[in-house]
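The next block holds one structure in the form of structure tokens; read it before the comments.
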Amino acid sequence: MNLNFLQDAIANNRVSDSLIIFVLEKETPNKLFLANQYVNAIAKVKKVPITYLDNLETTSEEDELFDSIETLSYKPVRVCRIKQIDIKNDSLMHEDRLILIVDKVSVNKELPSDVIEFFDSQTIKIPTLEEWQILDYILSKAEGLNEDTAKWLYNLYSGDIFRINMELEKLELFTNYEQGKLIDIFKKDEIFEDIPKESIFEITNALSRRDIEKLSLIYKYRDVLVKPGSEMGFIALVYKTFKNLILVKTAKNPTPEALGLTSGQIWAIRNIPNAYTSAELLKIFDIVSDLDRKIKNGEFDTQAVNIVDYILIKILTI
Amino acid sequence: MVGQEKIQKLIADLTLENFPNPLLLYGEWGCGKSLVSHTIANKFNLEFKDISESLILETLDDAYINPTPALYYINTEIFLSGNKVDRATNVILKFLEEPPKNAFIILSCTNPNRLKNTITNRCQAWGFVPYSIEELKKFTEDDSLLEIAHTPGQIISYSEQPIKEMIDYANSILDKLHLATPSNTFKIENKLSFKPPVEKNTYDVSIFMRVFVFCASKRCVDNFSEKSASIYKIIQKMNEDIQVPYVSKDYVFSRYLMKLWKCTHES
């Protein structure tokens, strides 16, 4: 099967419930993004939620312990990301609504021909997104922009569709007319270029990955990114980051419904390498969640101690 | 007024000549401080003016030019929980140092230690004693309500709350926490409202914390163990920290949830 066929099936609501295998060959952010878009589209057209599986042996379990909820009366689309899969038998043929995202797939040639044919037909190679496709995507998400502006945005983020998508989501709040105006203002005031790569989110993202190298680069911007008076906002962001990490990394079955996060957020968090053990995550959470009380109680003097320095040191030396 | 015989006697013996100006009433919320203030105002036909929300110098100016005798009531809890403590304190001090001619001043608080000494030293204090169960039974027969509420005002306020449901939920948490993942445990927050107004199908966290403390202490009493004592201490501290003025209650709550989780998972 190729991607056009699947696209057509989604558009006409004819996506079967059979297994689908997305093959990336080489994982790149753009390929993962594209695969994720199709997963979301399939779940949307079937009107079911998405469940992310740690491995193929994981089964769905009820996640509600303290309160009763109605059992799902419909099967979710289950997604499993694994590096490589070697298909040695036909067991996967009978899986419904399962999407595998793999780098490499191999099918045992000694299997019956109909089995081999099935797996061939359900395997889709995810192509690298071309520049024109990303430009098309930009223009479809933000109709108020023109081609020049779309191209400018593409170049600004070097075709990184995750970054581009983040900016486009901000523009979605505005009408087409306003979008065009805003981009012109941002370009004129060099707002995007001022903080094109570094933003307050970069600090928290780098912290969540324990990326010392990245933090060293961003550190020089700390007084710009966390201005005096906005310390509580920074604490809130770090608090949320590590709470979400704990939520996703310790959940048996991290679904949007169970965790109150979007599937994109869950996906992004799951792809963060495990830079901290569960015990470390809980320690960090304890430190950060108590900071709010300490500052408001007067136990912590934000005039005497830089909050960014304090948090970075506490977390990185955990 | 039910109970509080000492205060009732003090009111009976009160005259305009021996009025302790200013008067400080202190006791747990709902114990009757506002009721006593109104009673005193009615006894002497004084205009009752609650200036708790408008503690600014302009309010005092009005008091100085007002020829009619009036009772000025200040509920200090309103500004002690906010970020205008210093300004409000200075206004009160000015009011107390130079009281207007026809003004009778009553301050109220839950704990006089939270007020500056310069204020409390100027006041005569009347403290409300804890209500007995027999006294509280005059307001309700609901046993679960009597466990949680300690004053008539609290009974009236909590009687509109689903206390039984909260008790069931609190017990469910204490029963099942040892089975939960941290991710599961965070979901407990979804049942609570941390800021007014209280959302539909959720519980007010301040009231829920009282219930939680009660349930934990009951377990400790009924079946004492090191673990039940540790759990009770954590919940007790959780309740204290949540009362810290203008703290983010959800942060405090989630922090202690993780402590509880850790405690229940330690061998």
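The values are calculated or read from the model by the stated rules, or taken from the named source; none is laboratory data. Everything quoted here is computed from the prediction, not taken from an experiment. Cβ sites come from the backbone with ideal geometry, for glycine too, and all protein chains shown count toward neighbours.
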Filter region A:119-159 down to the residues that are outside any loop (DSSP other than H, G, I, E, B) and among the charged types (D, E, K, R) and list them by number.
A:Asp120, A:Lys125, A:Glu131, A:Asp136, A:Lys141, A:Glu147, A:Asp148, A:Lys151
Answer residue from region A:275-285, given it is surrounded by fewer than 17 Cβ atoms within 10 Å (Cβ to Cβ) and not hydroxyl-bearing (Ser, Thr, Tyr) and is nearest to A:Ile313 (Cα to Cα) among those:
A:Glu280
When region B:145-179 is checked residue by residue, the ones that are of a type in the set (Lys, Arg) and touching a helix residue (DSSP H, G or I) at 6+ places or on another chain (Cβ under 6 Å) are B:Lys164
Quick check: anything in region A:254-262 under 27 Å from A:Glu280 (Cβ atoms), at pLDDT 80 or above and touching a helix residue (DSSP H, G or I) at 6+ places or on another chain (Cβ under 7 Å)?
no
Using the structure shown, decide if A:Leu312 is surrounded by 17 or more Cβ atoms within 10 Å (Cβ to Cβ) and within 14 Å of chain B (Cβ to nearest Cβ).
no
Can you spot a residue in region B:78-90 that is on the phi > 0 side of the Ramachandran plot and over 21 Å from the mean Cα position of the chain (by Cα)?
no
In region A:241-255, residue nearest to the other protein chains (Cβ to nearest Cβ) [restricted to those that are touching a residue at least 40 places away in the same chain (Cβ under 8 Å) and out of contact with any strand residue (DSSP E or B) (no Cβ under 7 Å at 6 or more places or on another chain)]:
A:Ala251
All but one of (1) within 14 Å of chain B (Cβ to nearest Cβ); (2) of a type in the set (Lys, Arg); (3) surrounded by fewer than 16 Cβ atoms within 10 Å (Cβ to Cβ) hold for A:Lys227, so report the exception by its number.
(1)
Can you name the residue in region A:290-304 that is surrounded by 12 or more Cβ atoms within 10 Å (Cβ to Cβ) and among the hydrophobic types (A, V, I, L, M, F, W, C) and is also farthest from the other protein chains (Cβ to nearest Cβ) among such residues?
A:Phe300
Looking only at region A:269-289, filter to residues that are out of contact with any Phe, Trp or Tyr (no Cβ under 7 Å at 6 or more places or on another chain), of a type in the set (A, V, I, L, M) and under 23 Å from B:Asp241 (Cα atoms); which one of those is farthest from the other protein chains (Cβ to nearest Cβ)?
A:Ile287
Just wondering, is there one or more residues in region B:185-201 that are among the hydroxyl-bearing types (Ser, Thr, Tyr) and touching an Asp or Glu at 6+ places or on another chain (Cβ under 9 Å)?
yes
Unique match (being charged (D, E, K, R), at pLDDT 70 or above and out of contact with any Gly (no Cβ under 8 Å at 6 or more places or on another chain)) among A:Glu202, A:Glu193
A:Glu202
Among residues of region A:1-14, those that are in a loop (DSSP other than H, G, I, E, B) and under 24 Å from the mean Cα position of the chain (by Cα), counted:
0
Note on region A:96-112: residues assigned to a loop (DSSP other than H, G, I, E, B), touching a strand residue (DSSP E or B) at 6+ places or on another chain (Cβ under 8 Å) and surrounded by fewer than 16 Cβ atoms within 10 Å (Cβ to Cβ) are A:Asn108
Take the residues in region B:251-267 that are more than 10 Å from chain A (Cβ to nearest Cβ) and assigned to a helix (DSSP H, G or I); name whichever of them is nearest to B:Ile188 (Cα to Cα).
B:Leu260
Out of the residues in region B:231-250 meeting the condition of being more than 18 Å from A:Lys243 (Cβ to Cβ) and hydroxyl-bearing (Ser, Thr, Tyr), tell me which one is nearest to the other protein chains (Cβ to nearest Cβ).
B:Tyr246
